[in-house]
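The values are calculated or read from the model by the stated rules, or taken from the named source; none is laboratory data. Predicted model only: the values in this text are computed from it and were never measured. Positions of Cβ are backbone-derived with ideal geometry, glycine not excepted, and every protein chain shown enters the neighbour counts. All accessible areas refer to the heavy atoms of the entire protein, side chains included, with ligands and DNA or RNA removed. Shrake-Rupley method; radii C 1.70, N 1.55, O 1.52, S 1.80 Å.
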Amino acid sequence: MSESKSTNYCIIMAGGPGSRFWPLSTEEYPKQFIDLVGVGESMIQRTFRRCEQICPRENIVIVSSERYGDLMHQQIPGLADYQVLCEPSRRNTAPCIAYAAAVIKRRCPEATIFVTPSDHFISGWDAYVDDVRQAVEVARQQGWIVTIGAQPSNPNTKYGYIQFDEALTTAKANNLHKVLTFTEKPPYEVARHFIESGEFYWNVGVFAWRLDVLEAAYRRFLPAIAEAFTGLSERTPREEIERIYSICENISVDHGIIEKADNVYGLKANFGWSDVETWDALYNTCDHDRNGNAFISGNVFAYDVKDCVVHVPQGKTIVLQGLDGFVITERDNTIMICRRDQEERHVKFMSDVELERMNK
């Protein structure tokens, strides 16, 4: 194994509760552990398998909630203790990455690390692997923070946007641009302007940096977090981890560091990407039949049905008639049938059901 490959490390962030896909996804069994797109493996399993093509299996560190530790080991057998770090509470991505980086430093002080979410959909795996490898290599050689932006297809207000300086493409690597600005979830008119300008790309949440660059950025922009996690390892007593998280600032690495740093460069993605954060996003991600339906799982008989998304357990037979633009899903004896274009109501549906269950 080459030195450059052996010092490649990956942090997978996998602690989200995933309630937007209720009842399919719940706090006990969230989105990252589900075969959301109907490919035969969960989102975290697919993410882990992609990352194995970029760095050795033993160099992948997953950060999740302590409630999902056992589930993580079930879905990805054979992981060592240092590879599954369990947070006692959710404090966003900056503490999450700081924790994993401290553990990685104990194993490889010369590491170059790429960070990725656990539950995004990627099409074009070979292109993804090539892009991330290039990001890692540029980060290693230049000491830059390197992020990746996906070509936007619509003015989505749920995504973050990265502005690239088109005129400042550097010759030090192909397809590399200075990053000018980050904008998180802009209003529709602003997002539309971004699309029309041609300078903005969706933030896919993947970035690479050398460990020493990461540490310097934390000391400069998030000194309290940097100090709190210095010297930690997978053997640090649980009580100490809980104490650190109890005093840690709740802040994302994007807001805390990436948006402020002046050494951020970006690659334009050659792969397809979606964060699959809503039922509508899932519908748009999956293949459709001639009537615009996305039948992801289950044995579906459809009559006069169009533009629907169906995700029910394998082996379940469901007969649908006369539906247009609906979500149909089931898990653990809970069935939800609701309009795709009224997703904002899904949280209320979930709350009403859970409240009734608590009162029984």
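Between helix 238-247 and the chain, what is the angle of the helix's C-alpha long axis to the longest principal axis, kept within 0 to 90° and rounded to the nearest 10?
90 degrees
Roll a 1.4 Å probe over the protein chains and send me the accessible area per residue for the chain in Å².
46 Å²
Which of the lysines could a cross-linker bridge to residue 260, judged by Cα under 17 Å and excluding same-chain residues fewer than eight apart?
178
Give the whole-number value, in cubic angstrom per residue, of the convex hull volume spanned by the C-alpha atoms of the chain.
Per-residue hull volume (Cα only) is 153 Å³.
Mind checking which of 151, 257, 230 is farthest towards the positive end of the chain's charge dipole, using Cβ charges of +1 (Lys, Arg) and -1 (Asp, Glu) about the Cα centre?
230
Using each residue's phi in the stretch 110-120, evaluate 6.51 cos²θ - 1.76 cosθ + 1.60 at θ = phi - 60° and report the 3J(HN,Hα) Karplus result to the nearest Hz, with x for Gly and Pro.
Using θ = phi - 60°, the values come out as 9, 5, 10, 10, 10, 10, 8, x, 8, 10, 9 Hz.
At 222 nm, what helix-only mean residue ellipticity would the chain give, in deg cm²/dmol to the nearest 500, using -39500 (n - 2.57) for each DSSP H run of four or more?
The helix contribution divided over the chain gives -9000 deg cm²/dmol.
R0 = 22 Å: FRET efficiency of residue 175 with residue 212, Cβ-based, nearest 0.05?
0.30
Using Cα-Cα distances under 8 Å and only pairs 6 or more residues apart, what relative contact order does the stretch 61-187 have, in percent?
It comes to 15 percent, rounded to a whole number.
Kindly sort 70, 287 by accessible area of their heavy atoms, largest first, with the probe set to 1.4 Å.
Result, largest first: 287, 70.
Cross-link partners among aspartates and glutamates for residue 105, C-alpha distance below 12 Å, same-chain residues fewer than 8 apart left out?
212, 215, 234
With 29 Å as the limit, write out which pairs from 158/306; 185/316; 158/360 have Cα-Cα distances beyond it, or answer none.
From the list (158/306; 185/316; 158/360), the Cα-Cα distance tops 29 Å for 185/316; 158/360.
Counting alpha carbon pairs within less than 8 Å and at least 6 residues apart, what relative contact order, in whole percent, applies to the stretch 20-115?
Averaging sequence separation for qualifying contacts and normalising by length gives 19 percent for the stretch 20-115.
If I compute solvent accessible area with a 1.4 Å probe over the protein chains, what percent of it on the chain is carbon and sulfur?
Exposed carbon and sulfur together represent 46 percent of the surface.
Expressed as an acute angle from 0 to 90° and rounded to the nearest 10, what is the orientation of the C-alpha long axis of helix 211-221 relative to the principal long axis of the chain?
80 degrees
Using r as the Cβ-Cβ distance of residue 49 and residue 360, and R0 as 56 Å, what FRET efficiency do you calculate, to the nearest 0.05?
0.85
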